[in-house]
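Colleague: Below: one structure in structure tokens.
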Amino acid sequence: MSNNPLKNHFRAPKLFTRLPSAGNFYADGVLELSATGEVEIYAMTSRDEVMMRNPDALLNGESVAQIITSCAPAIKRPRELLGADVDALMVAIQGATFGDEVSVETKCPECGNAVVGAGSVQASLATMKDVPADVKIQTPDDLTIELRPVTYETTIAAGVSNFQNTRSMQSIALIEDDLEKLKAFNESYMKMAELNFLVILDSIYSISGTDEDGEEFIVTDRDNIREYMENCASDIGKKVTEHVNILGEAGIDKTIKIQCQEEECGHIFETNLEFDPVNFSTAS
Ligand SMILES: [Zn+2]
């Protein structure tokens, strides 16, 4: 590639964005932020756009990972990104590819009139909420559990699992034998419980404390953390869940305020911008 005479005609970065995580919570080598903590964003290539339309790849996160590699080269290992950062990157890539304006069509909740509005990619990126860097829980026996928002990998797993669960609930409703029905319901329930456990586990960044000899230790090994969570009191899991919800509020704001254009109404309300990759590829 370096000897290609066409090299100077390749895409140039279109915009820069910060990330909600500010690069915290990552192992070395996952990403390389600029001195100002930003990432260069390039427009999608036609190959990326084709990738975007493959529903299977979207479901397992593979195309999102490849698009991020192509359009945000500072990200070296996209599969290890936090969900909030993937959200911000995908919005920025949308802006770099299709322009700053994101149009939205919805119904006025007051009068039912069709309302057309527009949001701005730059405005969304500018107002993103940073992930709080020190969300910690103290256990009664003096361990400190430091939390982080869930990774994109887990977000994908949760999405797929929710989808399967809805499907299986629908088929369970059709089972006539009561015992078979109960069995199928239990299986489905166990799967959801396992998923909730994975989300909790994924939200733990480290567990630290002091050992018998007074030496401080910090555990980030995933297997060690899993083993601890399988063997600790249940109220610790509950506390983690509460804090995970606080962390979930970080990231880009996907809502905008729009006003109903119907003269006699003029109602102002909030609506969601569709930054969903599936939606923005079909809209173009
Ligand atoms: Zn209205």
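The values are calculated or read from the model by the stated rules, or taken from the named source; none is laboratory data. Predicted model only: the values in this text are computed from it and were never measured. Every residue, glycine as well, gets a Cβ built from its backbone with ideal geometry; the counts of neighbours run over all protein chains shown.
Colleague: If I ask for residues that are surrounded by 15 or more Cβ atoms within 10 Å (Cβ to Cβ) and farther than 14 Å from Ala250 by Cβ, which ones from segment 126-151 would you list?
Modeller: Of everything in segment 126-151, those that are surrounded by 15 or more Cβ atoms within 10 Å (Cβ to Cβ) and farther than 14 Å from Ala250 by Cβ turn out to be Ile137, Thr139, Leu143, Ile145, Glu146.
Colleague: I want to confirm something. Restricting to segment 253-270 and keeping residues that are within 12 Å of the ligand (Cβ to nearest atom) and within 32 Å of the chain's Cα centre (by Cα), which single residue is surrounded by the most Cβ atoms within 10 Å (Cβ to Cβ)?
Modeller: Result: Cys260.
Here's the yes/no breakdown for (1) acidic (Asp, Glu); (2) within 19 Å of Met128 (Cα to Cα); (3) at pLDDT 95 or above:
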position: Met1; (1), (2), (3): no, no, no
position: Asn4; (1), (2), (3): no, no, no
position: Asn8; (1), (2), (3): no, no, no
position: Ala12; (1), (2), (3): no, no, no
position: Thr17; (1), (2), (3): no, yes, yes
position: Phe25; (1), (2), (3): no, yes, no
position: Thr36; (1), (2), (3): no, yes, no
position: Ile41; (1), (2), (3): no, yes, yes
position: Ser46; (1), (2), (3): no, no, no
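Colleague: Between residues in segment 168-187 that are of a type outside the set (Val, Ile, Thr) and residues that are not in a helix (DSSP H, G or I), which pairs lie under 7 Å by C-beta distance while being six or more apart or on different chains?
Modeller: The qualifying pairs are Lys181/Ile175; Ala184/Ile175.
Colleague: Regarding segment 87-106, can at least one residue be identified that is in contact with a helix residue (DSSP H, G or I) (Cβ under 7 Å, 6 or more places away or on another chain) and part of a strand (DSSP E or B)?
Modeller: The answer is yes; a qualifying residue exists.
Colleague: Right, next: Restricting attention to segment 101-146, which residues are more than 16 Å from the ligand (Cβ to nearest atom), modelled with pLDDT under 90 and over 20 Å from Asp87 (Cβ atoms)?
Modeller: Correct list: Asp134 only.
Colleague: So Glu32 passes all but one of these: (1) surrounded by fewer than 16 Cβ atoms within 10 Å (Cβ to Cβ); (2) more than 22 Å from Ile252 (Cβ to Cβ); (3) at pLDDT 90 or above. Which condition number does it fail?
Modeller: It fails just one condition, (2).
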